[in-house]
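See below for the structure under consideration.
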C-alpha cells in the first residue's frame, strides 16, 4: 500500500501547474509560491531575534507532515485512511499561497495584523478561488477535504490535527539538528520560547505515547541536551530521532 508521503508528493506534483488569477493579468502558481513562502511563525522570530537562519518554507511543512504521519503510523499505529489524510495534508494550507501564513499560536499576535474571524473569511475566499483553478477531479478532492476537516469527530481529522499541531515544535528540533553549527543555543531557545510553552499542542494528543512525545519535545532542557549531544535523541527514542533528523529542511535562502 502506498505510504502517505508518496501519496502527498504525487498530489502536490499534480498541482504543480495550478495557478490562481489575482487580477490585472497577474497569475500566481500555487506550488511555486508555497516553495518560496516562509512559515511565518519561525520567520518572525528569526527576524525579530536576528538569528540569521534560513526560513522553513510552507511547502516543506506539507512534506514534513506526510513524513511524520508515516513514522507515527509505523511506530504508534495511530494513522488510518491514507488517502484522505494525505489530502488533508496536501490541501489544508493551499490558501496561504494567496493570503500568507498566519501562525496558530503567537504571543502578541496583533503583529500579524489579523484576528481569527478575519482570517476565516479570507481562507474561505482563497479556497474558493483555488478550487475554481483546479481540474474537476482535483477540485472535488480539494473541496471534500476542506469540508471534511471541519468534522472534528472523524478519526482522520484528529490524526491530521495531531501531526499539524506537533510539527512546529518538531521543526524547532529540526533546526537544532540541521543548523547546530551556526546556532547559539540559548539565544535560539529564547527566540523559540512560544513553541515550548504553547498549551494547545497537548490537546491534540492521540494517546499516552503521543502525550509522552509532546511532553518531551516541549522541555527546553531536552532541546539543549540534544544540541550538546548529537545522539541524545536517538538514545531516547529512535522513531522520534527519524522524525527530527530524517528530512533536510526546505528553506528560503537568507536575504
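Values in this text are rule-based calculations from the coordinates and carry no lab data. Everything numeric in this text was worked out from a predicted model, so none of it was measured. Glycine also receives a Cβ, built like all others from the backbone with ideal geometry; neighbour counts cover every protein chain displayed.
At a glance:
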read-out	value
Sequence ranges 36-48, 140-152, ranked by mean other-Cβ count within 10 angstrom, highest first	36-48, 140-152
Gain upon complete extension [residue 28, residue 150; 0.36 nm per residue less C-alpha separation]	41.2 nm
Fully extended contour minus Cα-Cα distance, from residue 203 to residue 52, at 0.36 nm per residue	51.1 nm
Identified option (computed Cα extents along the principal axes in Å; candidates [x] 66, 35, 28; [y] 56, 42, 36; [z] 51, 41, 30)	[z]
Mean Cβ neighbour count within 10 Å, used as a protection proxy, ranking 199-211, 156-168 highest first	156-168, 199-211
Centroid-to-centroid separation of segment 116-152 and segment 1-58 [C-alpha atoms, Å]	17
Zone of residue 75's modelled label, taken as backbone nitrogen in segment 198-222 under 20 Å from a point 7 Å along Cα→Cβ	201-222
Estimated inter-spin distance, residue 137 and residue 211, nm [label 7 Å along Cα→Cβ]	4.4
Ranked list, fewest to most other Cβ atoms within 10 Å of each Cβ, for 5, 175	5, 175
Helix-derived mean residue ellipticity, 222 nm - over the chain, DSSP H n ≥ 4, -39500 (n - 2.57), to 500	-18500 deg cm²/dmol
Whole-number percent relative contact order across the chain, with pairs defined as alpha carbons under 8 Å at least 6 apart	25
Label-point separation in nm, residue 21 to residue 125, each point 7 Å along Cα→Cβ	1.7
Cα shape, segment 1-89, gyration tensor, a/c 1.5 rule	oblate
Mean Cα-pair separation over length for segment 1-62, i.e. relative contact order, pairs under 8 Å, 6 or more apart, %	24
